[in-house]
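A short reminder: the numbers here are calculations on the coordinates, not readings from a lab. Because the structure is predicted, anything quoted here is derived from the model rather than measured. Note: ideal-geometry Cβ built from the backbone for every residue, glycine included; neighbour counts use all protein chains shown.
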Amino acid sequence: MDELQALILGLVQGLTEYLPVSSSGHLTIGQHLLGIQEGGLTFDIVVHVATVMATLVILWKEVDWLFKGFFKFKMNDETRYVINILISMIPIAIVGFCFKDKIEEIFGSGLVIVGCMLLLTALLLAFSYYAKPRQKDKIKPLDAFVIGIAQACAVMPGLSRSGSTIATGLLLGNKKETLAKFSFLMVIPPILGEALLDAKHIVAPSAEYLAEHGAEQPVSVTALLVGFVAAFVSGCFACKWMINIVKKGKLIYFAAYCALIGAATLISAFI
């Protein structure tokens, strides 16, 4: 992977992590178009950490508010918010520790599955756009758990994490103003956890992993740095932009985009 390829994929990751179009799906498509086969896992970890840092920068006021309130060690709005985030992590923790490798083994990450999941993302976004549930003032624990289930389902390559969580939250009747920020904050622990789980395959790869993927090819420090900076800068832009988009309820445009890209991906895979 050279620096130009790292720049392109870093920009793709940063933008698509927050937009409801699936970052994993777009990275797979991008790597396929650029003919990249080596160094994928190391690069994925670096750019995912970059997007987490972008979230912390853009939502720093919310993060600071949560930490200050939580460490007062009393039941307040901040503590309830943190509890909801922890509840939302339960499904993805179960899937990540128990089923992630099995899911990847069964479904893989080829263009066919990516195309199908992009079409599913489009359907989910369109359904949430036209549905008009009764609005709730706050995200409740049960809502947080259901949104967490949606996040767990997004381990499928091509199924958007932000699209699934935001659409599910809207269908549950949660207000747009609070949902986008909750969706972005709740993914920080799972993304970091996933990065740690993936890192073990690089540091101490199992025999099964080596048999399936082969040895990890090194990526230059320069390429990793370029990818990190690109993902961070584009992630900051996309995170702020996406919050405004959700407030305005313009998700239908992303549904159309996912449907178009999903169909094109399937056609390309079969041709």
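Kindly write out, for the stretch 238-243 in residue order, the coupling ³J(HN,Hα) from the Karplus curve 6.51 cos²θ - 1.76 cosθ + 1.60 (θ = phi - 60°), rounded to whole Hz, with x marking Gly and Pro.
Values per residue, Gly and Pro as x: 5, 4, 5, 5, 5, 4 Hz.
Counting only other residues whose beta carbon sits under 14 Å from that of ALA126, what net charge do I get with K and R as +1, D and E as -1?
Working: positive: LYS132, LYS250; negative: none.
Once all neighbours under 14 Å are counted, the net charge is +2.
Take the alpha-carbon centre of the stretch 33-75, take the same for the stretch 224-262, and report the distance between them in whole Å.
What the calculation gives is 15 Å, centre to centre.
When 1/r is averaged over all different Cα pairs and the result inverted, which Kirkwood radius in Å belongs to the chain?
Working: mean 1/r = 0.0529 Å⁻¹.
Computed over the chain, the radius equals 18.9 Å.
Name the long-range amide H neighbours of ASN174: under 5 Å, sequence gap of 5 or more, or other chain; modelled H, no Pro or chain starts.
Amide H neighbours of ASN174, under 5 Å, 5+ apart: LYS136.
Relative to the present Cα-Cα distance, how much length would full extension add between ARG134 and ASP77 at 0.36 nm per residue of separation? All intermediate terms of the calculation are to be shown ahead of the outcome.
On the way: separation 57, 0.36 × 57 = 20.52 nm, distance 2.23 nm.
Gain on extension, ARG134 to ASP77, equals 18.3 nm.
Quick check: Cα centre of the stretch 10-26 to Cα centre of the stretch 142-167, how many Å?
One Cα centre to the other: 15 Å.
Under the rule of -39500 (n - 2.57) per DSSP H run of 4 or more residues, summed and divided by the residues of the chain, what mean residue ellipticity at 222 nm is obtained, to the nearest 500 deg cm²/dmol?
Numbers: 14 runs with 209 residues, N = 271.
Calculated mean residue ellipticity at 222 nm is -25000 deg cm²/dmol.
Which distance in nm do the two modelled labels at ALA256 and VAL233 give, with both placed 7 Å along the Cα-to-Cβ direction?
Label at ALA256, label at VAL233, 3.0 nm between them.
For the stretch 1-94, state the average projected area of the convex hull of the C-alpha atoms over all orientations, rounded to one decimal in nm².
7.6 nm²
I'd like the orientation of helix 60-70 relative to the chain: the angle between its Cα long axis and the longest Cα principal axis, in ° from 0 to 90, rounded to 10.
Compared with the principal axis, the helix lies near 60 degrees.
Excluding residues on the same chain fewer than 8 positions from LYS61, give the lysines whose Cα lies under 16 Å from its Cα.
LYS181, LYS240
Determine ³J(HN,Hα), in whole Hz, for all residues of the stretch 220-232 in sequence, where each value follows from phi through the Karplus function 6.51 cos²θ - 1.76 cosθ + 1.60 and θ = phi - 60°; x replaces Gly and Pro.
5, 4, 4, 5, 5, 5, 4, x, 4, 5, 4, 5, 5
Over the stretch 116-161, how many percent of alpha carbon pairs lie in each 5 Å bin up to the one with the longest distance?
Going out from 0 Å in 5 Å bins, the stretch 116-161 shows 5, 19, 20, 26, 19, 9, 2 percent.
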